[in-house]
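Encoded as structure tokens, the structure appears first; notes follow it.
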Amino acid sequence: MIVAERKPIEEILPWLEGVRSVLVLGCNECVTVCEAGGKKEVGLLASALRMVFAQQGREVNVGERTLERQCDPEYLDELRDSIDAYDAVVSLACGVGIQFTAERYPSKAVYPGVNTCFMGAALERGVWAERCQGCGQCLLALTGAVCPVARCAKRLFNGPCGGSTAGKCEIGPDVECAWQRIIDRLKALGRLADYETLIPVKDWSKDRAGGPRKVVREDVRS
Amino acid sequence: MNAKTPSRLEKILRAGHLAVTSECGPPRGSDIGHLAAKAEAIRRHVDAINVTDNQTSVCRLCSLAACIRLKLMGLEPVLQMVVRDRNRIALQSDILGAASFDIHNILCLSGDHQRFGDHAQGQNVFDLDSMQLLQTVRRMRDEGRFLGGDPIERPPAMFVGAAANPFADPFEIRVPRLAKKIAAGAEFIQTQCIYNVERFERWMQGVRDRGLHEKAFILAGVTPLKSAGMARYMKNKVPGMDVPEEVVKRMAGVPKDRQAEEGIAICIETLQRLKEVPGVAGFHIMAIEWEERVPEIVERAGLAPRPAVA
Ligand code: SF4
Ligand code: SF4
């Protein structure tokens, strides 16, 4: 899933100076699962905003809504009849949803209510960790299904570096060394000899380095 | 073995001499005089001088300019190059820049993560890793081609090196990792500084078992300790460093004003032990901001005078 974190309200408030109505807009997908921008967080932020506006003596209408997905025009269309009642939208969707909402309603000010962090998964309740950076050319087959792009601090394809210590990365004791994991996995698979195969220079043109990316599937296009 | 490059370091190693290299860190400003003086002080006691590349991710004068300076002084620089800060275009371009001044040695490194430095908020590059940089330099030199495939006019004639850390984890791949670097093109290896000689010997045993010492020249790294505090810091704070407790104790066991001398003595003893380890082809003395002591270390370790080569 896409993992996000809530922005502090202090960062959001200056954007809402002078607005008379604001819609806090959640998303029912990833940000719900990572507890950053689902219905619950929409309620929390809306209440907090109402309190601040009341303290400031401002009358601001704070609406709440959570869409099935903000990255899908079909669901965004559900706002068509109600959005004009608001001066601004604070979207708690990931960066994709925020932009899609803004694209769909070009005359509306749309602000981010979360920081979108990475593609990852929950290690346990309340702990999420990065697993993939969408490099466009997956090489997990070579690395025992542990991603060096997303999980090695130096994205080494032929690691580990000299800083790997007791399974931890040189950048800090709370970060796992991806290469320790890769070697453990290769060992578990009986493939440790594969470690000595040099992974060739990567084609980064399929990564963000190649410019904004698009996937076009002629066979499913309508 | 015939030398493949005009590198003096390569000639000395191929002639079977124990080589001695050292290193200098460039200044945090544009006054290169201090670096020139440090290098001058060790001129007659080392065969080549590594110039670090923004080590520990602290921004400094570039390794390339400093190497050029040493070259113009008639010294033999080893251009250290990390893949943290430059993509494949910049790396190859700098290699050509160095080659245009006839800098004949390069050490390919990944580089410390920028988190350790003075620009922790910076982006990192890591377009290639250190092994891929080794392959790139060898391709440029041996095939006369850029990574992209185009031919290079007057390819770089560089003796290609890599670092190895016998003490890092995971232990079981320390020797395979060296094999991999050699397969990628490393012709000489400079190791992490050695305080735990026994562990280094075990690693060298593994290296010899695979005949790797015959495929690349292994220069054992040493760093003299200046104080018990430095020993403790290296032991506890530097990732991938193995300073045994007895070394810390020995440093702490002498009065503060004599700890530096004790550090030099330990360094010399270590060199003497390392001279006996089969497969060791030379030494890399990293005296961090203590270059003035290098001549004495070299002499007392019985490594002077340095051989002359054509
Ligand atoms: S190799 Fe690329 S696509 Fe595969 S997991 Fe890593 S970043 Fe994602
Ligand atoms: S310690 Fe491991 S994860 Fe960290 S940079 Fe080095 S190889 Fe990558």
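So here's what we get for this one:
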| item | result |
| --- | --- |
| Index of the failed condition, A:S164 passing every other in (1) under 30 Å from B:D242 (Cβ atoms); (2) in the same structural domain as A:T32 (by TED's automatic domain parsing); (3) polar (S, T, N, Q) | (2) |
| Selection count, the range B:1-33, where residues are exposed (fewer than 13 other Cβ atoms within 10 Å of the Cβ) and at pLDDT 95 or above | 7 |
| Wholly enclosed helices (runs of 4 or more DSSP H) of the range A:66-175 bearing at least 2 residues within 14 Å of chain B (Cβ to nearest Cβ) and closer than 30 Å to B:F171 by Cα | A:148-151 |
| Which numbered condition A:W179 fails, given (1) surrounded by 19 or more Cβ atoms within 10 Å (Cβ to Cβ); (2) within 24 Å of B:K181 (Cα to Cα); (3) more than 13 Å from chain B (Cβ to nearest Cβ) | (3) |
| Test result for A:D184, surrounded by fewer than 23 Cβ atoms within 10 Å (Cβ to Cβ), within 14 Å of chain B (Cβ to nearest Cβ) and in contact with a strand residue (DSSP E or B) (Cβ under 9 Å, 6 or more places away or on another chain) | no |
| Unmet requirement for A:A209, which otherwise passes all of (1) free of Cβ contacts under 8 Å to residues at least 12 places away in the same chain; (2) out of contact with any strand residue (DSSP E or B) (no Cβ under 9 Å at 6 or more places or on another chain); (3) assigned to a loop (DSSP other than H, G, I, E, B) | (3) |
| From the options A:C152, A:C135, residue that is in contact (Cβ under 8 Å) with a residue 12 or more places away in the chain, out of contact with any strand residue (DSSP E or B) (no Cβ under 8 Å at 6 or more places or on another chain) and either within 16 Å of ligand 2 (Cβ to nearest atom) or within 17 Å of B:D112 (Cα to Cα) (or both) | A:C135 |
| Sole exception among (1) under 17 Å from B:G111 (Cβ atoms); (2) among the β-branched types (V, I, T); (3) within 16 Å of ligand 1 (Cβ to nearest atom) for A:I182, by number | (1) |
| Among the residues listed as A:E170, A:E176, the single one being at pLDDT 95 or above and closer than 27 Å to B:Q55 by Cβ | A:E176 |
| Meets criteria (surrounded by 14 or more Cβ atoms within 10 Å (Cβ to Cβ), more than 16 Å from ligand 2 (Cβ to nearest atom), within 20 Å of the chain's Cα centre (by Cα) and away from every other protein chain (no Cβ under 12 Å)) for A:K214 | no |
| Subset of the range B:139-165 (residues that are within 12 Å of B:L107 (Cα to Cα) and within 14 Å of chain A (Cβ to nearest Cβ)) | B:A162, B:A163, B:A164 |
| Unique residue being surrounded by fewer than 18 Cβ atoms within 10 Å (Cβ to Cβ), assigned by TED's automatic domain parsing to the domain that holds A:K7 and in contact (Cβ under 8 Å) with a residue 40 or more places away in the chain when the list is A:A85, A:A145 | A:A85 |
| In the range B:77-116, the residues that are assigned to a loop (DSSP other than H, G, I, E, B), out of contact with any Cys (no Cβ under 7 Å at 6 or more places or on another chain), buried (at least 16 other Cβ atoms within 10 Å of the Cβ) and within 14 Å of chain A (Cβ to nearest Cβ) | B:V83, B:R84, B:D85, B:R86, B:G111, B:D112, B:H113 |
| Residue list for the range A:176-206, filter: among the polar types (S, T, N, Q) and not in a loop (DSSP other than H, G, I, E, B) | A:Q180, A:S205 |
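The values are calculated or read from the model by the stated rules, or taken from the named source; none is laboratory data. A quick note: this is a predicted structure, and the numbers were derived from the prediction, not measured. As a convention, Cβ positions derive from the backbone with ideal geometry for all residues, glycine included, and neighbour counts pool all protein chains shown.
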